[in-house]
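Data first, discussion second: the structure below is written as structure tokens.
The values are calculated or read from the model by the stated rules, or taken from the named source; none is laboratory data. If you're wondering where the values come from, they're calculated on a predicted model, not measured in any experiment. Neighbour counts are summed over all protein chains in view; Cβ atoms, including those assigned to glycine, are modelled from backbone coordinates with ideal geometry.
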Amino acid sequence: MNDSDKIIQETLLIGDRSPKMLDTLTPESVLQVLKPVQDPELRKSLVDLNMIRNVKVEGGAVSFTLVLTTPACPLRQFIVEDCERAVKTLPGVAQVDVEVTAETPQQKGLPDRAGIDGVKNIIAISSGKGGVGKSTVAVNVAVALAQSGAKVGLIDADIYGPNTPIMLGLEGGGVVVRQGENGEELEPAFNHGVKLVSMGFLIDKDQPVIWRGPMLNGIIRQFLYQVQWGALDYLIVDMPPGTGDAQLTLAQAVPMAGAVIVTTPQNVALSDSRRGLKMFQQLGVNVLGIVENMSYFIPPDMPDRQYDIFGSQGGEKAATELGVPLLGCVPLEIALRDGGDRGIPIVVAEPESASAKALTAIAQQIAAKVSVAALA
């Protein structure tokens, strides 16, 4: 056999091997190597959870859709990289394309509590005392979830002090009353990707709300059931401070995905926040965790410095003692306060600021924990 014949024979052998190699690269084999890859929060196989869909193989190119349980998934990139590594262990893979989408799971219903049509998860943002920045956290968490691609609504349940319209840039705006299938319904206001209803839209600017408990109960139920919310992944409820009628009404009216407790590091705030946390637990509401707001002050002219104005690590200590997660710590920055006053939340106005990054991470943690609870 001369050199020319050897070259032809080797070429034919390579040609024989290549198709056989690619024969092992099928949608079934792709699913097989992806089966051990788990969702880090749920700790279950992505394949078993039906999170891997539309697997296609074209030559050496593999593509599939990764369906996350929330658009705000904090581990999105980590999961994508795990999938890519697993698929590349198959022989013949030259390219891996992952399309990422999300389907937020529906919170489990309860027989004695009526859900809201189209609303998947209801989350209370609460505090034991006023002045800890609960509304600031609620507004920025809602906007951060909307920025991730989720459909988000916000109820300002602080009936006596409705200020979320100011924070969302909707002061002077309002809701629209329309005739629905079951009588009059409210069409919520909308800004920064969030639908909003608030008592602030229904009264004059300086008008006090002087109501007893039954009237408070009625307006909160109206905000829940007589609003054209449409399809929502998350309905955030900005609660009034304390452990009163509003908290009791919400917890007994609807199946809740969970509650978040906002506090500052100081002992007075922590003491009240513990009472608020225990209240939700006694009412059978899952406490998703604690947010420590005003953790430290960052001077605008010295961004590398931090001052513990209200103490330090109080939220972490309380979370450890109470056995709930610390969802995050939000620094006190002038831009954070300024954004609320101007109606441009910090996650929109200055997304690279320390407080905006902290609030976005907190929103992602909340979304992840809601998904785990829904799929547990």
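When the range 46-87 is examined, which residues are found to be assigned to a strand (DSSP E or B) and either modelled with pLDDT under 95 or farther than 24 Å from residue 360 by Cβ (or both)?
Passing the criteria: 52, 53, 54, 55, 56, 57, 58, 61, 62, 63, 64, 65.
Would the range 319-337 turn up any residue that is touching a Cys at 6+ places or on another chain (Cβ under 6 Å), within 20 Å of residue 138 (Cα to Cα) and surrounded by 14 or more Cβ atoms within 10 Å (Cβ to Cβ)? If you could, list the steps in order and put the result at the bottom.
Our first condition is that a residue be touching a Cys at 6+ places or on another chain (Cβ under 6 Å); within the range 319-337, this holds for none.
So far as the range 319-337 goes, no, none of its residues is touching a Cys at 6+ places or on another chain (Cβ under 6 Å), within 20 Å of residue 138 (Cα to Cα) and surrounded by 14 or more Cβ atoms within 10 Å (Cβ to Cβ).
Name the residue that is surrounded by the fewest Cβ atoms within 10 Å (Cβ to Cβ), counting only residues in the range 40-54 that are out of contact with any Ser or Thr (no Cβ under 8 Å at 6 or more places or on another chain) and on the phi > 0 side of the Ramachandran plot.
The extreme case among them is 43.
Determine, yes or no, whether residue 137 is among the β-branched types (Val, Ile, Thr), without any contact (Cβ under 8 Å) to a residue 40 or more places away in the chain and out of contact with any Pro (no Cβ under 9 Å at 6 or more places or on another chain).
no
Taking the condition of being aliphatic (A, V, I, L, M) and either closer than 20 Å to residue 372 by Cα or modelled with pLDDT under 90 (or both), how many residues in the range 90-131 meet it?
9
Taking the conditions exactly as written (touching an Asp or Glu at 6+ places or on another chain (Cβ under 7 Å), surrounded by 21 or more Cβ atoms within 10 Å (Cβ to Cβ), of a type outside the set (Val, Ile, Thr) and touching a residue at least 24 places away in the same chain (Cβ under 8 Å)), does residue 340 satisfy them or not? First the steps, then the outcome.
Numbers: touching an Asp or Glu at 6+ places or on another chain (Cβ under 7 Å): no; surrounded by 21 or more Cβ atoms within 10 Å (Cβ to Cβ): yes; of a type outside the set (Val, Ile, Thr): yes; touching a residue at least 24 places away in the same chain (Cβ under 8 Å): yes.
Criteria not met by residue 340.
A quick yes/no check of all residues on (1) in contact with a helix residue (DSSP H, G or I) (Cβ under 6 Å, 6 or more places away or on another chain); (2) crowded, with 23+ Cβ neighbours inside 10 Å; (3) among the hydrophobic types (A, V, I, L, M, F, W, C):
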| site | (1), (2), (3) |
| --- | --- |
| 212 | no, no, no |
| 215 | no, no, yes |
| 219 | no, no, yes |
| 232 | no, no, yes |
| 259 | yes, yes, yes |
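Of everything in the range 218-274 that's of a type in the set (Val, Ile, Thr) and part of a helix (DSSP H, G or I), which residue is farthest from residue 198 (Cα to Cα)? First the steps, then the outcome.
Our first condition is that a residue be of a type in the set (Val, Ile, Thr); within the range 218-274, this holds for 219-220, 227, 236-237, 243, 249, 254, 260-264, 268.
This time we only want the ones that are part of a helix (DSSP H, G or I), so: 219-220, 249, 268.
Numbers: 219: 10, 220: 10, 249: 16, 268: 29 Å.
Taking the candidates together, the pick is 268.
Looking only at the range 33-42, decide whether some residue is assigned to a helix (DSSP H, G or I) and modelled with pLDDT of 95 or more.
For the range 33-42, residues assigned to a helix (DSSP H, G or I) and modelled with pLDDT of 95 or more: present.
Restricting to the range 43-78, what's the tally of residues that are among the β-branched types (Val, Ile, Thr) and in contact with a Pro (Cβ under 7 Å, 6 or more places away or on another chain)?
Quick first cut of the range 43-78, residues among the β-branched types (Val, Ile, Thr) only: 47, 52, 55, 57, 62, 65, 67, 69-70.
When the remaining residues are screened for being in contact with a Pro (Cβ under 7 Å, 6 or more places away or on another chain), the result is 55, 57, 69.
Count: 3.
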